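What follows is a short report on a single structure.
The values are calculated or read from the model by the stated rules, or taken from the named source; none is laboratory data. As the structure is a prediction and not an experimental result, all values here were calculated from the model. Quick reminder, even Gly has a Cβ in these numbers, built from the backbone with ideal geometry, and neighbours come from all protein chains shown.
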Amino acid sequence: MKKSVLIIGAGGVGHVVAHKCAQMAHVMGDIHLASRTKSKCDAIAADVLAREQVSITTHQVDTDDVDATVSLLRELQPALVLNVALPYQDLPLMEACLRAGCHYMDTANYEPRDLAKFEYGWQWAYHDRFREAGLFALLGSGFDPGVTNIYTAWALKHEFDEIELLDIIDVNGGDHGQAFATNFNPEINIREVTATCRHWENGAFRETPPMSLHRPFTCPQGVGTYEIYRMYHEEMESLVKHIPTIRRAQFWMSFSPSYLSHLQALQDVGMTRIDPILYKGVEIVPLQFLKAVLPNPGDLGRTTHGKTCIGCVLQGKKNGQYKALYIYNICDHEACFREVGSQAVSYTTGVPAAIGASLILSGTWSGKGVFNMEQNDPDPFMDALNRYGLPWQCIELSREQAESLCVD
Ligand code: NDP
């Protein structure tokens, strides 16, 4: 099969993935971009041509229709399908890849439309079919999940004998100047942040009410102090499975008071509901209607300033001694906009997606079956992060600093 990639999804993340794949064109081969709305693919291709002098071929496809996707895959014969559409599309796209004989990767795990629940079980169930077909499926190659899994795997490979405690901290210190907007697809974002919180402790996931635990967090290098909230995030599920010494895993994300008060009001009036209601004889889902009136995250780059700071605080043992590290990246919204015309949340997702694709297409990462990020060698991914725009830092912490999440 010819070396080539088909990117699916022409939203905020798809825009960055297309630019970064173009920067790695020597590894990618032919680059195709397909989505439900072809005009969005054409706009991205024009921007890539102008900035990177690389041509991308565009196509229309609705990937909920597996037969239509299989026809496109048989026509284009890409080695890899890089899925940056929505989590609802993961299973139909995995089916299509199996039927057409393509490798598969994504950045977010499957969610059914009618149930706000995300877990890897649905996608792990495809392992035997991908193995028997001799195909590789890579799950979660964004930043979180994605880079956070790789930071943890790298720390285990080089810095620890055993990791016991993991805190993943995702701070967006950016300001987009809007009263209320989400940094990636509003429907997926709101389903995620309103979900019951789950964290891993002593062999089981423990549930607590959404947003019920929070604390201030001061980012390094002057990014600032932000309130971070404990919530569920999918990489904890794969990390505690593949690194069973982890006793406690928690995920924290920053939210501004304005974001939270708007979200509360939207929840209170029923606008975040995902069950259909009848409006003038037509069924609509309130959250999907809300998405239609909110700002498009892909358009926020022009007005967003400030920085993101995402990383892992890891505690464990090396040579029988306690050890703690903080591994992180700081990314500047305005620098991302200058480079590719996007804000940093799309950028920090799109760069690792393109890196994952490059490692599959170059044969650096390979396998038969369905794999999470931490099951692969982290070293080439960590090198590529430094080369393609997401340089990382690693600092040693005292026990007191790690326990209180004081990294500055
Ligand atoms: P957007 O809503 O901006 O873009 C989604 C794109 O997918 C749109 O172009 C949309 O088409 C297309 N699409 C939706 N349904 C279909 C379909 N049935 N067939 C074909 N195309 C379809 O989302 P984002 O770019 O913000 O996010 C993309 C993905 O990245 C999401 O899965 C999100 O969860 C994930 N993500 C992962 C992160 C990580 O760190 N791991 C962080 C942030 C996001 P149309 O324009 O016609 O609607």
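Just to check your reading of the model, which residue among Ser71, Ser4 is under 24 Å from the mean Cα position of the chain (by Cα) and either surrounded by fewer than 20 Cβ atoms within 10 Å (Cβ to Cβ) or over 23 Å from Trp365 (Cβ atoms) (or both)? Explain how you work it out, then say what you get.
Details: Ser71 fails: under 24 Å from the mean Cα position of the chain (by Cα).
Among Ser71, Ser4, only Ser4 is under 24 Å from the mean Cα position of the chain (by Cα) and either surrounded by fewer than 20 Cβ atoms within 10 Å (Cβ to Cβ) or over 23 Å from Trp365 (Cβ atoms) (or both).
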Hey, any hits in the range 309-316 for a residue that's touching a Gly at 6+ places or on another chain (Cβ under 8 Å), within 20 Å of Ile44 (Cβ to Cβ) and not small (Gly, Ala, Ser)? no
So in the range 229-265, with the set limited to residues that are without any contact (Cβ under 8 Å) to a residue 60 or more places away in the chain, aliphatic (A, V, I, L, M) and within 26 Å of Trp122 (Cβ to Cβ), which one is surrounded by the fewest Cβ atoms within 10 Å (Cβ to Cβ)? Val240
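Is it the case, given these coordinates, that Met24 is more than 14 Å from the ligand (Cβ to nearest atom), of a type outside the set (Phe, Trp, Tyr) and within 20 Å of Gly140 (Cβ to Cβ)?
Numbers: more than 14 Å from the ligand (Cβ to nearest atom): yes; of a type outside the set (Phe, Trp, Tyr): yes; within 20 Å of Gly140 (Cβ to Cβ): yes.
So Met24 passes the test.
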Step by step: first the residues of the range 171-187, then only those that are modelled with pLDDT of 90 or more and outside any loop (DSSP other than H, G, I, E, B), then the one that is farthest from the chain's Cα centre (by Cα). Which residue is that? Asp175
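Name the helices (runs of 4 or more DSSP H) wholly inside the range 64-170 in which the number of residues that are within 15 Å of the ligand (Cβ to nearest atom) and modelled with pLDDT of 95 or more is 2 or more.
Answer list for the range 64-170: 66-76, 90-100, 121-124, 147-158.
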Go through the range 27-51 residue by residue and tally those that are in contact with a Cys (Cβ under 7 Å, 6 or more places away or on another chain) and within 13 Å of the ligand (Cβ to nearest atom). 3
Scan (1) in contact (Cβ under 8 Å) with a residue 40 or more places away in the chain; (2) touching a strand residue (DSSP E or B) at 6+ places or on another chain (Cβ under 7 Å) for the single condition Asp332 breaks and write down its number. (1)
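Just a yes or no: is a residue in the range 137-153 over 19 Å from the mean Cα position of the chain (by Cα) and in contact (Cβ under 8 Å) with a residue 24 or more places away in the chain? Show your work before the answer.
First, the residues of the range 137-153 that are over 19 Å from the mean Cα position of the chain (by Cα): none.
Checked the range 137-153: no residue is over 19 Å from the mean Cα position of the chain (by Cα) and in contact (Cβ under 8 Å) with a residue 24 or more places away in the chain.
Please go through the range 212-228 and pick out each residue that is surrounded by 18 or more Cβ atoms within 10 Å (Cβ to Cβ) and under 18 Å from Tyr259 (Cα atoms). If you could, list the steps in order and put the result at the bottom.
First, the residues of the range 212-228 that are surrounded by 18 or more Cβ atoms within 10 Å (Cβ to Cβ): 217, 219, 223, 226, 228.
Matches in the range 212-228: Phe217, Tyr226, Ile228.
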Could you count how many residues in the range 303-321 are more than 30 Å from Arg399 (Cα to Cα) and either surrounded by 21 or more Cβ atoms within 10 Å (Cβ to Cβ) or within 16 Å of the ligand (Cβ to nearest atom) (or both)? 1
For Asp275, the lone unmet condition from (1) assigned to a loop (DSSP other than H, G, I, E, B); (2) surrounded by 13 or more Cβ atoms within 10 Å (Cβ to Cβ); (3) over 19 Å from the mean Cα position of the chain (by Cα) is (2)
Restricting the first residue to the range 279-302 and requiring it to be assigned to a loop (DSSP other than H, G, I, E, B) and loosely packed, with under 13 Cβ neighbours inside 10 Å, which pairs with a second residue that is at pLDDT 95 or above and not acidic (Asp, Glu) meet a Cβ separation below 6 Å and a spacing of at least six or different chains? none
Selection status of Val17, among the hydrophobic types (A, V, I, L, M, F, W, C), crowded, with 17+ Cβ neighbours inside 10 Å, within 12 Å of the ligand (Cβ to nearest atom) and within 28 Å of Glu339 (Cα to Cα): yes
Can you run down the residue pairs with Cβ atoms below 6 Å, 6 or more apart or on separate chains, where the first is in the range 379-406 and among the polar types (S, T, N, Q) and the partner is buried (at least 16 other Cβ atoms within 10 Å of the Cβ)? Gln393/Tyr328
When you check Val61 against the structure, is it among the β-branched types (Val, Ile, Thr) and away from the ligand (no atom under 11 Å from the Cβ), yes or no? no
